Amino acid sequence: MFAEFDLVMPGDLDEALDILAEASGDGDGDAGILPLAGGTNLVVDLRARRIRADKLVGLGRIAALRGIERSNGRVTIGAGTTLSDILRDPGMAEAAPSLVDSARVFAGQMVRNTATVAGNVCCGSPAADTVPPLLSLDAELTLAGRGGSRVVPLADFFLGYQENERRPGELVTGISWDAPKPNAANLFYKLARRKGDAITVVGVAVTVAVEAGKCTTARIALGAVAPVVKRAREAEALLEGEALTPELIEAAARQAVEDSSPIDDVRASADYRRHSVHALTRRLLSQAWAQVTEGG
Ligand SMILES: Cc1cc2nc3c(=O)[nH]c(=O)nc-3n(C[C@H](O)[C@H](O)[C@H](O)COP(=O)(O)OP(=O)(O)OC[C@H]3O[C@@H](n4cnc5c(N)ncnc54)[C@H](O)[C@@H]3O)c2cc1C
C-alpha cells in the first residue's frame, strides 16, 4: 500500500513551479516533491514503494499544458498531451508518423487515455515507447522553472539509466519537432511478446530524407537495448550523403547492432535483441528508402 503523501492540484503553471521550487533548494529543501501527470508510472512505483514522495504536484488542472499546436511546420505538444490525444489528432499521421505508430501499440486504451508523452519521456525507461520516435524526429523539450525556461534537445536529455537533464524544480512543459517534409519517411516498430499491453523487447524508429537520389538525413533510434534510448549515430553516418543500396542498408543495420548494448532479462536474451536490432533496422530503412524514392 501507499506511504502517506500530500497531493496538490495547482490551477496554473506559475503555481506549480512555485510548489516545485521547494524541491530545488530555493524553498525548504524538501526533495520529495514530484510532478504527477497521468500517474501510470508514478502511482505504480509509489504503490510498490520503489519511489517515495512527500508531495505530488498534479498537472491535470493546468490548461496551458494541454494541446497540440502547429506553426510553419513546427509541431508542439503540451506536457499534458496523452497517447489518446496523439491518436485522435487527425494531423498527427503526417506530423509524426512514428509517434502515431508507437501510440497505436502503447499499453491498452485505459492507460493511453491518461498516460502522457512527457511522462513517458521523464520516467526514464530505456523501453519508453514514445522516445525512439521523438529522437528520430529530432524533438526538443522545453523545461520551465521559476527562473525561466530552456530548450534541451531530446538527444541530450538522457544522461544514464533513469538519469536526465531535468533539474529539481523544473517541469517539462512541451515537446517540439519539425514535421517531416514530403521527401522524408519516418517509421517505428515495436517488438514485444504480445501486440498490446506488453513491455518492448526492442523498439526501432527511423527517419530517412532524400534529395537528388541521395540520403540527406538519416536517424536511427533504438529502444530497450541500452541503459537509455539512444541514436545509432555511427550507423546514421554511414547513410548520409549516399544512395541507400541493399548493401549499405545491411552495413548500417550491422553497425546499429554495434551501437547497442543490450542485456539478458526475463523478456529476451541479449543475443535475441541484437538479432532484432539488425532485422528491424534493415527492414525499416528499406521501407523508408522505398517510400521516399518510389512512393512505396
Ligand atoms: C498497464 C500499463 C501498461 C503500460 N504500457 C506501456 C507501453 O506499452 N509503453 C510504454 O512506453 N509505457 C507503458 N507503460 C508505462 C506508462 O504508462 C508510461 O511511461 C506513461 O507514458 C507515463 O506517463 P504518465 O503521464 O502516466 O506519467 P506519470 O506516471 O505521472 O509520471 C512519470 C514520471 O515522469 C515525471 N513527470 C511526469 N510529467 C512530467 C512533466 N511534465 N515534467 C517533469 N516530470 C514529469 C513524474 O514525476 C514521474 O517521475 C505502461 C504502464 C502501465 C501501468
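Among Leu46, Leu285, Leu17, which one shows the highest mean-square fluctuation when the chain is modelled as a Gaussian network with alpha-carbon springs under 10 Å? Looking only at Leu46, Leu285, Leu17, the biggest GNM fluctuation is shown by Leu46.
Separation of the range 171-221 from the range 224-296 is 12 Å, based on Cα centroids.
Residue exposure proxy: Val57, Val75, Val43, ordered by other Cβ atoms within 10 angstrom of their Cβ from fewest to most, comes out as Val43, Val75, Val57.
Rg and Dmax, both from the Cα atoms of the range 184-294 and both in Å, are 13.6, 46.
Averaging 1/r over every pair of different alpha carbons in the range 63-178 and inverting the result gives a Kirkwood radius of 14.2 Å.
Among Gly38, Gly91, Gly80, the residue with the largest mean-square fluctuation in a Gaussian network model of the chain, with springs joining Cα atoms closer than 10 Å, is Gly91. Considering all C-alpha pairs of the range 1-145, those separated by over 21 Å amount to 46%.
Going by neighbour counts of Cβ atoms within 10 Å, the residues Tyr161, Tyr189 line up, fewest first, as Tyr161, Tyr189.
Scattering from the chain was approximated by placing one identical point on each alpha carbon and applying the Debye formula without solvent; log10 I(q)/I(0) at 0.10, 0.14 1/Å stands at -0.54, -1.02. In the chain, helical runs assigned H by DSSP with n ≥ 4 each contribute -39500 (n - 2.57); averaged across all residues and rounded to the nearest 500, the mean residue ellipticity at 222 nm is -9500 deg cm²/dmol.
Note on the chain: dipole from Cβ charges, positive end direction compared against Gly124, Ile220, Ala279; the farthest Cα belongs to Ala279.
Read-outs: derived from the displayed coordinates by stated rules, not from any lab. Please read all numbers here as calculations on a predicted model, not as lab measurements. Neighbour counts run over all protein chains shown; Cβ positions are idealised from the backbone, glycine included.
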